[in-house]
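Below is one structure, written out as structure tokens; comments come after it.
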Amino acid sequence: MPLQEASVKEALAKVIDPALGHDIVSYRVLRNIEIKDDDVLVRLDIPTHAYPQAQRRELQQRVTKALEDIGAKRVSVLQNVETAYMPAPSDKAVLKGPKNVIAVAAGKGGVGKSTVATNLALALQRHGARVGLLDADVFGPSIPTMLGQPEVPAQASKDNKIIPAIHQGLKVISVGFFVDKDEAVVWRGPMVHRLLQQFLGDVEWGDLDYLVCDLPPGTGDVQLSLSQLIPIAGAVMVTTPQEVSIVDVVKGIAMFEKVEIPILGIVENMSYYKCPACGHTDEIFSHGGGKRLAQELGTDFFGEIPIDTRIRFGGDAGVPIIAASPDSEHAQRFMDIASKAALKIAAGVLSKPKRSPRLAVIK
Ligand SMILES: Nc1ncnc2c1ncn2[C@@H]1O[C@H](COP(=O)(O)OP(=O)(O)OP(=O)(O)O)[C@@H](O)[C@H]1O
Ligand SMILES: [Mg+2]
């Protein structure tokens, strides 16, 4: 007897997605199937470009095995990337184009938010996603320095919209393009809110899978305004290992929870220093605080980034480590952090029932 659709579906419903940790049917990874005699074609929607290749192969093997076990002769699996996202509610429709906004934040200044945001954006792009980077640090925009000269500067369109600059393939907007840094430091909340509201709605991002947003330190007006203005899929919190930084990150996390922005996970930056000459490792700011914090708070730990002159130099010279040494261990760590963050967003979206974009705007 040829294979029956019901038994194929039943077998596939038991396949656990190795990256998402849930079955491929309820998490909508299975798009459709075609059965011809004993041959099955399975189409899968991979929910992010940052889904690791090894796990894609593993998924393919699991699907194939599940169907061979019920008598399929030939199994073909087609994987297509369809970035998972939650359509924005109508009151946050100011941002058009980006599917998922990732905020990069920290309780404290100088811990490496901008470094992580820049490399995270480049890593997502290297995974194959279309990515933008919004430098929302009104008080100290640093992304333009970190990315160097743009290939294409920001421009105004015919209808007076803002077209982002292109830096190393990323679409980039910095508040630094619009305000004088010395002027902004005296701004109060309402002015920050008005500025963000005005220009966010005017930027033509085009279709993007991810918009990475670099925030100023702390829990101030920019964080609050952004959370009110745009739908943020989640926040990556950056900390250094020492206690003072950890305490501030806890405050930052509490603020995001208050405005209902999910915490995706924690990155520990400046975790240790490995001497390039002798190989000795020194834990300058102590070590492991980020991991402990993630455990205590029940969130994910995304990884450690060591102190390295190439990271500092790359940031200051406009060539981030991912672009300068894409095959280095550090670049690999950022690729891994990008995968973890993107998968966490995808799992969050796919765990909920599908919200149609059209339904979302009907009140
Ligand atoms: N892992 C690292 N190794 C070496 N240098 C680093 C590392 N991470 C960041 N830096 C350097 O530390 C400085 C501060 O980093 P960065 O600007 O990313 O921090 P920030 O949290 O965004 O700061 P701010 O609060 O001022 O916005 C920069 O000069 C950067 O190049
Ligand atoms: Mg910064």
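The values are calculated or read from the model by the stated rules, or taken from the named source; none is laboratory data. Owing to the predicted nature of the structure, the values given are computational and were not obtained by experimental measurement. Cβ: placed from backbone, ideal geometry, glycine included. Neighbour counts: every protein chain shown.
Please work out if Val94 is part of a strand (DSSP E or B) and of a type in the set (A, V, I, L, M, F, W, C).
Here the answer is no, as Val94 does not meet what is asked.
Just give me the residues in the range 202-224 being within 12 Å of ligand 2 (Cβ to nearest atom) and of a type outside the set (Asp, Glu), in sequence order.
Scanning the range 202-224 gives Cys213, Leu215, Pro216, Pro217, Gly218, Val222.
Checking Ile173 against (1) more than 30 Å from Pro241 (Cβ to Cβ); (2) away from ligand 2 (no atom under 16 Å from the Cβ), which single condition isn't satisfied?
(2)
Can you tell me which residues in the range 61-78 are of a type outside the set (Asp, Glu), surrounded by fewer than 17 Cβ atoms within 10 Å (Cβ to Cβ) and either in contact with a helix residue (DSSP H, G or I) (Cβ under 6 Å, 6 or more places away or on another chain) or in a helix (DSSP H, G or I) (or both)?
Within the range 61-78, Gln61, Lys65, Ile70 qualify.
Can you find a residue that is aliphatic (A, V, I, L, M) and not in a helix (DSSP H, G or I) anywhere in the range 113-124?
Checked the range 113-124: no residue is aliphatic (A, V, I, L, M) and not in a helix (DSSP H, G or I).
What's the number of the condition Leu3 fails, among (1) touching a residue at least 60 places away in the same chain (Cβ under 8 Å); (2) closer than 22 Å to Leu350 by Cα?
Among (1) touching a residue at least 60 places away in the same chain (Cβ under 8 Å); (2) closer than 22 Å to Leu350 by Cα, Leu3 violates only (2).
Looking at Glu151 and the list (1) out of contact with any Asp or Glu (no Cβ under 9 Å at 6 or more places or on another chain); (2) more than 24 Å from Ile321 (Cα to Cα); (3) at pLDDT 80 or above, which single condition is not satisfied?
The single condition Glu151 does not satisfy is (2).
Taking the range 286-305 as the search range and keeping residues that are of a type outside the set (A, V, I, L, M) and buried (at least 20 other Cβ atoms within 10 Å of the Cβ), which one is modelled with the lowest pLDDT?
Gly289
In the range 307-320, how many are in contact with a strand residue (DSSP E or B) (Cβ under 9 Å, 6 or more places away or on another chain) and either surrounded by fewer than 20 Cβ atoms within 10 Å (Cβ to Cβ) or more than 13 Å from Gly112 (Cα to Cα) (or both)?
Of the residues in the range 307-320, 3 are in contact with a strand residue (DSSP E or B) (Cβ under 9 Å, 6 or more places away or on another chain) and either surrounded by fewer than 20 Cβ atoms within 10 Å (Cβ to Cβ) or more than 13 Å from Gly112 (Cα to Cα) (or both).
So, in the range 293-306, how many residues would count as being without any contact (Cβ under 8 Å) to a residue 40 or more places away in the chain and not in a loop (DSSP other than H, G, I, E, B)?
Total meeting the criteria: 7.
If I filter the range 191-224 down to residues being among the small types (Gly, Ala, Ser) and under 19 Å from Lys99 (Cα atoms), which single residue comes out as surrounded by the fewest Cβ atoms within 10 Å (Cβ to Cβ)?
Across the range 191-224, the extreme among qualifying residues is Gly206.
Would you please name the residue that is nearest to ligand 2 (Cβ to nearest atom), looking only at residues in the range 126-145 that are surrounded by fewer than 24 Cβ atoms within 10 Å (Cβ to Cβ) and in a helix (DSSP H, G or I)?
Thr145
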